[in-house]
Structure formats: structure tokens, C-alpha cells
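*Asks:* One structure follows; several queries about it will come next.
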Amino acid sequence: MFEKAFALIFNTDHELFAIILLSLQVSLCALCLASIAGVPVGALTGLKKFRFRGGVVSLLNTFMGLPPVVVGLCVYLTLSRSGPLGFMSLLYTPSAMVIAQTILAFPIVASLTHSAVVGVDPVIKQAAKTLGASPLQESLTVVKEARYGITAAVIAALGRVMAEVGAILIVGGNIAGYTRVMTTTIALETDKGNFELALALGIILLAISLLINVVLHMVQRKGHFQDKK
Amino acid sequence: MSLRLSIDRISKSYDGNAVLDGCRFEFEAGKTYALIGSNGSGKSTFLRICALLEQPDKGAVRFFCGDAEQPHEIPLKRKITLVLPKTGVFNSSVFNNAAYGLKIRGIAGNEIKEKAARILKLVKLAGKSAQNAQTLSSGETQRLGIARAMVFEPEIIFLDEPTAFVDAESKGIIEELISKFKDRQRTVIIATHDLHQAERLDSQILSMTEGRLKLL
Ligand SMILES: Nc1ncnc2c1ncn2[C@@H]1O[C@H](COP(=O)(O)OP(=O)(O)O)[C@@H](O)[C@H]1O
Ligand SMILES: [Mg+2]
């Protein structure tokens, strides 16, 4: 069984390749959208004091653990023909999967960015001020100081969306050659008893996860001597 | 026209404990002042208020250019600086730290290079330009903190115990830099525990007691 799985990987099976490509496309697209929205939201909640700040931060933290199937269900209901966005006919398309993944990734990016920005030594802000920074320059300096933590936030979110199956199965429908990605294929093929393909994808997914974690670890270490002085 | 600082009966208390209590003083432009006083007497608080990082509860900090009082806005804030007791170096190269004040003032790249390189040479950090600033020793960090503040040639510089935790060599380098700065008719106000240092810098001695300043 393992031999066949490896054969599938090394013979660069066309179907397998298309599935991996779609997985990466959907996840990276969602990650981009989630980062464009999540980094500024996380940075603002870390930098500025405003009413309901505590509430917003708790909400983001709670949403970090959103059950994917619930997100899938909500997106399904919104995009289904009778739903508010039904006219866009997005259900069972890669776009629907991107939407669901973005919703899952956003709170992770925002919440971890918030922690990274809050974790910057307050003396940095003071130093920027004494050197003549305007309020905006001061904030940008603090965000820049948190850059490794913010990168780690984005990578952590990528890890989550790559491994996700529940939400994209519901809104994507796992249509062969169209919305079928690694995780949904594994679920389906395992169900069918077709273990070779499932295993081949499982190995690749594991390798990608490993890579993501190695990079995450490296980024975190790079940010580490931040705490020294 | 040089910038002149006038302190008008400022008071400050934390949690009901008065730290500064009707403190007043007229600083003359171009002179050096050494601020002495026991631990907790309020020197750091005084410097933070003078450098416009904090507001006094009562009284006012005023800056004059000739007879014209300067509003507490960015143009004024960019003519003064405070070297904090804890430097707070940015997680970047030594060069980028030294260049920070110039960059945020929108100065041209080649001028930044030249000025930052010159100041790093003065504090004997030229050889470490490319090194991450957070890997410097405490003496080097303190020197970088002063270089970073002097690079944009402020008119008034406040220094909060800049040589408290450094060895004799760093101390010498720092004092030399301060002396150079003095020679250019800039105002220096330095908190220190070292009376010899105050003498070496040829400074007027101000003592902080019971929340007030007294010229000795
Ligand atoms: N941010 C603050 N909050 C509360 N108390 C403070 C704060 N800053 C200073 N103090 C208090 O004010 C007093 C003067 O402190 P400081 O100005 O640091 O004195 P010095 O620099 O002369 O040693 C101390 O008793 C200190 O505990
Ligand atoms: Mg002090």
C-alpha cells in the first residue's frame, strides 16, 4: 500500500498534482485576504485604546477556535440559492472555499497580531517619541518591531487552513477536478477504501505541515532576542 | 536663534505622592546642567516632563525661541530629545538605529548614510554597523542610545543617567561626545550621581530635593 502511495507521488500523477495545486491556491488566497484584513485589525487593537477594545479582543480569541463545520454551515446558508448572497451562485465553487477559509483564518491572524504588537516593550514607543516620531511613525515603529510575531501569526493561520476539511467540504462539495482538495480527497478516498491515494495525499499534506512548522519555528527564533534588552 | 527652556512651578504626583512640588527654573541656552539628587527624588520624572513625554499636574514647561513661545508640537519635539535610562534599541542593525531620527525627519538617503556613519565613528561603533543592535553589550547599547539621539543635532538634550551601568571606557566615550555637543552651543541637562562627571562636563549643578530644584 505504501509502495503504491509513493509511486503515485513520484510518478507525479496528474490528478494528484491538480488536487495539490488547488489546495495551495485556495489556502494561499484565503490567507492573503485574511492577512490584509487581520493584520491591520490586530495592530489597531494592540496600538489604540478605544471603547469595546477588550470585547473585540475576546471575540477574536473566541473565534480563533471556531468549529469549521459551523463556519461551513453559515457560509453555505449565505451562499445557497435562497440565501442573501445566493444570486452570486458561488456555492460549490473554489471561491466559496476561499470565503470559508478566510473566515477561519482571519481571527487567527488578527488575534496573534494583536498579541505580537502588545508584546513589544513599551520602551520602544517611548524611544521613538524621544527621537521625534509623529504618532503615526510611532505606531509604525511598534508594528515593525512586532514583525516576527506578525509573520508567525500568518504562518499559524496557513497551518490551520491547509489542514481544514469540514468547512470546505460543505461549501465546496468535493467535486472532482473542480473543488476537490487534499483534505477532502483524503476523507473521500478513505471512505471508499481507496487508501493509496489517501495515503499519498496524507504524506504530502504532512510534509507541507512540517515545512510550515519549521518555518514558523525559525521565524519565532529570529524574533526571540527581542526580549533580551 | 537658540531654544530656551523655562520651567514654571510644575507639580506632579503619582497616586497621591508628590514627586515634583512647584519646581521652577530658567535654563540658559547653550549651558550644561547636572541634575543631582537621591534615588526617587524625581529626576527622571522631571526629565520626562521637560522632554514632553508626560504632562505636569500643575504648572507649565515652556520653550522659547527668542521671545516667541513654541507650541508643543512636532517641530518643537524634533528639536529636543531625551536619552532614556533604558535605551530600548530597535530590533534592527546598529546603523538603522543610528539612522532612525534622520529617517523619520525625511532626510535624504546619502545624507543619512554620511551622518549616521560619522556619529557611529564618534561612539566607536563604526565596526558594528551591520550587527543587530540587540546583541550589543550594555556599554555599547548606551553609546548607541546617545548616538541615536545626537545624530539629528537637537538643540536641547536631556540625559537620564547615561553612564550609570557602563565601564570606564564607555563612560569616557560618552563624556567626550557630550563635550563636543556642548561646544556647539547646545543645551545639555544630565541627571547623574557622579559629581566628578558634573565637573568634567563643566556644568552647573542643580540639586533636586523635596520636589524642587536648587542651583548649587
Ligand atoms: N509612572 C510612575 N508611576 C508611579 N510612580 C512613579 C512613576 N514614575 C515615578 N514614580 C515615583 O516617583 C518617584 C520619583 O521617581 P524618579 O523620578 O524615577 O526618581 P529618580 O529618577 O530621581 O530616581 C519615585 O518614588 C517613583 O516611585
Ligand atoms: Mg531616575
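The values are calculated or read from the model by the stated rules, or taken from the named source; none is laboratory data. Keep in mind that this is a model prediction, so the values were computed, not measured. Every residue, glycine among them, receives a Cβ derived from its backbone with ideal geometry; neighbour counts consider all protein chains shown.
*Asks:* Can you report the number of residues in the stretch B:129-155 which are in a helix (DSSP H, G or I) and either under 28 Å from A:GLY223 (Cβ atoms) or charged (D, E, K, R) (or both)?
*Replies:* Total meeting the criteria: 15.
*Asks:* Condition test on B:ALA130, is it modelled with pLDDT under 95 and surrounded by fewer than 18 Cβ atoms within 10 Å (Cβ to Cβ)? Quick ask: steps written out before the conclusion?
*Replies:* Numbers: modelled with pLDDT under 95: no; surrounded by fewer than 18 Cβ atoms within 10 Å (Cβ to Cβ): yes.
The answer is no for B:ALA130.
*Asks:* Where in the stretch B:26-128 are there strands (runs of 3 or more DSSP E), lying wholly inside it, with at least 3 residues that are within 16 Å of ligand 2 (Cβ to nearest atom)? Explain how you work it out, then say what you get.
*Replies:* Details: elements: B:32-36, B:58-65, B:80-83.
Answer list for the stretch B:26-128: B:32-36.
*Asks:* Then there's this: Taking the stated definitions as given, is B:PHE25 aromatic (Phe, Trp, Tyr), in contact (Cβ under 8 Å) with a residue 60 or more places away in the chain, in contact with a Lys or Arg (Cβ under 7 Å, 6 or more places away or on another chain) and over 18 Å from A:THR130 (Cα atoms)?
*Replies:* Working: aromatic (Phe, Trp, Tyr): yes; in contact (Cβ under 8 Å) with a residue 60 or more places away in the chain: yes; in contact with a Lys or Arg (Cβ under 7 Å, 6 or more places away or on another chain): no; over 18 Å from A:THR130 (Cα atoms): yes.
So B:PHE25 does not fit the description; no.
*Asks:* Identify the residue in the stretch B:173-206 that is of a type in the set (Gly, Ala, Ser) and modelled with pLDDT under 95 and, among all such residues, is surrounded by the fewest Cβ atoms within 10 Å (Cβ to Cβ). Outline the logic, then answer.
*Replies:* Of all residues in the stretch B:173-206, those of a type in the set (Gly, Ala, Ser) come to B:179, B:191, B:198, B:203.
Imposing the further condition that a residue be modelled with pLDDT under 95 reduces the set to B:179, B:198, B:203.
Details: B:SER179: 14, B:ALA198: 21, B:SER203: 20.
Checking each candidate, the answer is B:SER179.
*Asks:* Same structure, new question: State which residue is nearest to B:LEU213 (Cα to Cα) when the search covers only the stretch B:41-79 and only residues that are in contact with a Ser or Thr (Cβ under 7 Å, 6 or more places away or on another chain) and touching a residue at least 40 places away in the same chain (Cβ under 8 Å).
*Replies:* Result: B:SER41.
*Asks:* Being hydroxyl-bearing (Ser, Thr, Tyr) and crowded, with 18+ Cβ neighbours inside 10 Å is the filter; apply it to the stretch A:116-140 and report the residue that is nearest to the other protein chains (Cβ to nearest Cβ).
*Replies:* Taking the stretch A:116-140 and keeping what is hydroxyl-bearing (Ser, Thr, Tyr), we get A:130, A:134, A:139.
In the following step, the residues that additionally are crowded, with 18+ Cβ neighbours inside 10 Å were identified as A:130, A:139.
On the way: A:THR130: 5, A:SER139: 12 Å.
By that ranking, first place goes to A:THR130.
*Asks:* I've got another one for you. Can you find, within the stretch B:31-56, the residue that is farthest from ligand 1 (Cβ to nearest atom) among those that are exposed (fewer than 15 other Cβ atoms within 10 Å of the Cβ) and more than 20 Å from B:PHE165 (Cα to Cα)? Talk me through it step by step, then tell me what you get.
*Replies:* Looking only at the stretch B:31-56, we keep the residues that are exposed (fewer than 15 other Cβ atoms within 10 Å of the Cβ), and these are B:38-40, B:54-55.
Now restrict to residues that are more than 20 Å from B:PHE165 (Cα to Cα): B:54-55.
Numbers: B:GLU54: 8, B:GLN55: 12 Å.
Among them, the one singled out is B:GLN55.
*Asks:* If only one of A:VAL161, A:VAL143, A:VAL69 is more than 14 Å from every other protein chain (Cβ to nearest Cβ), surrounded by 19 or more Cβ atoms within 10 Å (Cβ to Cβ) and in contact (Cβ under 8 Å) with a residue 12 or more places away in the chain, which one is it? Before you say what the answer is, go through the steps one by one.
*Replies:* Values: A:VAL143 fails: more than 14 Å from every other protein chain (Cβ to nearest Cβ); A:VAL69 fails: surrounded by 19 or more Cβ atoms within 10 Å (Cβ to Cβ).
Within the list A:VAL161, A:VAL143, A:VAL69, the selection yields A:VAL161.
*Asks:* Checking the structure you have, find out if any residue of the stretch B:191-213 is in contact with a helix residue (DSSP H, G or I) (Cβ under 7 Å, 6 or more places away or on another chain), more than 16 Å from ligand 2 (Cβ to nearest atom) and closer than 27 Å to A:SER134 by Cα.
*Replies:* Among the residues of the stretch B:191-213, not one is in contact with a helix residue (DSSP H, G or I) (Cβ under 7 Å, 6 or more places away or on another chain), more than 16 Å from ligand 2 (Cβ to nearest atom) and closer than 27 Å to A:SER134 by Cα, which makes the answer no.
Okay, residues lined up against (1) over 27 Å from B:GLU54 (Cβ atoms); (2) of a type outside the set (S, T, N, Q); (3) within 14 Å of chain A (Cβ to nearest Cβ):
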{"residue": "B:LYS79", "(1), (2), (3)": "no, yes, yes"}
{"residue": "B:VAL94", "(1), (2), (3)": "yes, yes, yes"}
{"residue": "B:LEU102", "(1), (2), (3)": "no, yes, yes"}
{"residue": "B:ILE112", "(1), (2), (3)": "yes, yes, yes"}
{"residue": "B:ARG118", "(1), (2), (3)": "yes, yes, no"}
{"residue": "B:LYS128", "(1), (2), (3)": "yes, yes, no"}
